[in-house]
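Below is one structure, written out as C-alpha cells; the observations come after it.
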Amino acid sequence: VQLQASGGGLVQAGGSLRLSCVASGRTFSFYAVGWFRQAPGREREFVSAINWGGSSTQYADSVKGRFTMSRDNAKNTVYLQMNSLEPEDTAIYYCAAHTGLGHRDRSFEYDYWGQGTLVTVSS
C-alpha cells in the first residue's frame, strides 16, 4: 500500500489543522494506521493509532484530548484532527500502516510509510 500525507502548514498556537493520509494500491480496510511525528533533533515519536475498522483509537499522552484520529475506508483516507495546537507540536507528521492485530506505538512495527507533512505552530 502507498500512503500520501497532506494537510500540514503554519498555524498559530491554539489553532487547528486536519491532516489526511490517503492510501492506494491495496484494500485499505486491511490495514491499521498510525501517525508519528519527528521534530528537529528529536527521535520519531508515536502520536496516535486506529484499528482497521475505525472502532478503536490510541493516543500519546501529549496529544490526548486535543487530537482525534478517524478513518473513512470508503475514501481510503485516515484523518488526524489537531486542536489546541502548541509550539511543541511542531514536527513532520508521518502516517504509517501495518496489517497486524492491535494497536502499535513503535515505528518499527509499521510496514508502510507516507512521505510526511510539515506542521509548524508559532507562539
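See the values below:
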| quantity | calculated |
| --- | --- |
| Single unsatisfied condition, V121 versus (1) farther than 18 Å from L3 by Cα; (2) open to solvent by 20 Å² or more (accessible area, probe 1.4 Å) | (2) |
| Check on Y79, open to solvent by less than 50 Å² (accessible area, probe 1.4 Å), assigned to a strand (DSSP E or B), over 17 Å from D105 (Cβ atoms) and in contact with a strand residue (DSSP E or B) (Cβ under 7 Å, 6 or more places away or on another chain) | yes |
| First in the stretch 51-62 and within 14 Å of F30 (Cα to Cα), second anywhere and open to solvent by 60 Å² or more (accessible area, probe 1.4 Å) and modelled with pLDDT under 95, Cβ under 9 Å, 6 or more apart | N51/L101; N51/H103; W52/F30; W52/T99 |
| Residues (outside any strand (DSSP E or B) and among the small types (G, A, S)) located in the stretch 1-26 | G7, G8, A13, G14, G15, S16, G25 |
| Boolean, S29 is open to solvent by 20 Å² or more (accessible area, probe 1.4 Å), under 23 Å from E109 (Cβ atoms), at pLDDT below 95 and assigned to a loop (DSSP other than H, G, I, E, B) | no |
| R42 vs. criteria at pLDDT below 95 and among the charged types (D, E, K, R) | no |
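The values are calculated or read from the model by the stated rules, or taken from the named source; none is laboratory data. The structure presented is a predicted model; accordingly, all values stated were derived computationally and were not measured. Please note: Cβ atoms are built from the backbone with ideal geometry, for glycine as well, and neighbour counts cover all protein chains shown. Ligands, DNA and RNA are excluded from the accessible area calculation, which covers all protein heavy atoms including side chains. Shrake-Rupley method; radii C 1.70, N 1.55, O 1.52, S 1.80 Å.
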